[in-house]
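Written out below as structure tokens is the structure these notes cover.
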Amino acid sequence: WSSDVCSSDLCLQAFTLVTVAAAGGVMDVTWTDCGDSSTHGRITDLQPTQITIGQDGTLTGTGILDEELTGGTFSIKISASLGIKETYTGKACEAKTFKLPLNLGTVSWGGLDCPVAAGPVTNKISFTLSSLVPPSLATADIQASALDMNGEPALCVTSHLQRASNAVSV
């Protein structure tokens, strides 16, 4: 850093931001099933409970369906720091990947292996989050839901991702 370019405080702040961003960070994942009495399935677990910024990640939801699912649609709603609010949609039985705005990463619907018999169900939502996102700005709420072939609610899970309390702070 040249003193001709910035004051020492400004350079220190810029250096700190670059250092923290390059270090990545860990985000805690909490979740809830967001279905209601008309939803045909329940999510009973979502793993993992932590993800690392800058690395590929996959949230695997497991649950149970009370009907066979032969088709339908999905939506992934993301509300994240930096004012990002996006909704992505597609066919429930097909995998699909979307690019997040501002080159912040990607999110992918794993696609259900249709037909899905009534009983246990597993689905994956994969993502990448750029390592350039400072951990202090790394928060997101993600809702993934699926409608069955009749347009009725099949599954719904909401997850909250937030910087872990043991992450490095400056």
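The values are calculated or read from the model by the stated rules, or taken from the named source; none is laboratory data. Given the structure is predicted, the values throughout are model-derived calculations rather than measurements. All Cβ positions, glycine included, derive from the backbone under ideal geometry; neighbour counts span all protein chains shown. When the accessible area is computed, the model is the full protein with side chains, heavy atoms only, and any ligands, DNA or RNA have been set aside. Shrake-Rupley method; radii C 1.70, N 1.55, O 1.52, S 1.80 Å.
Give the Rg/Rh ratio for the range 71-170, taking Rg as the radius of gyration of the Cα atoms and Rh as the Kirkwood radius, to two decimals.
Here the Rg-to-Rh quotient is 1.03.
If you count, for each residue, the other Cβ atoms within 10 Å and average over each peptide, how do 113-121, 139-147 line up from highest to lowest?
139-147, 113-121
So, R0 is 25 Å and r is the distance between the beta-carbons of ASP28 and GLU94; what FRET efficiency does that work out to, to 0.05?
0.25
Taking amide H positions as placed in the peptide plane 1.01 Å from N, state which residues far from CYS93 in sequence (5 or more) or on other chains have amide H under 5 Å from it.
Amide H to amide H, under 5 Å and 5 or more residues apart or across chains, CYS93 pairs with GLY72, LEU112.
How large is the accessible surface per residue of the range 59-100, computed with a 1.4 Å probe and reported in Å² as a whole number?
Result: 53 Å² of accessible area for each residue.
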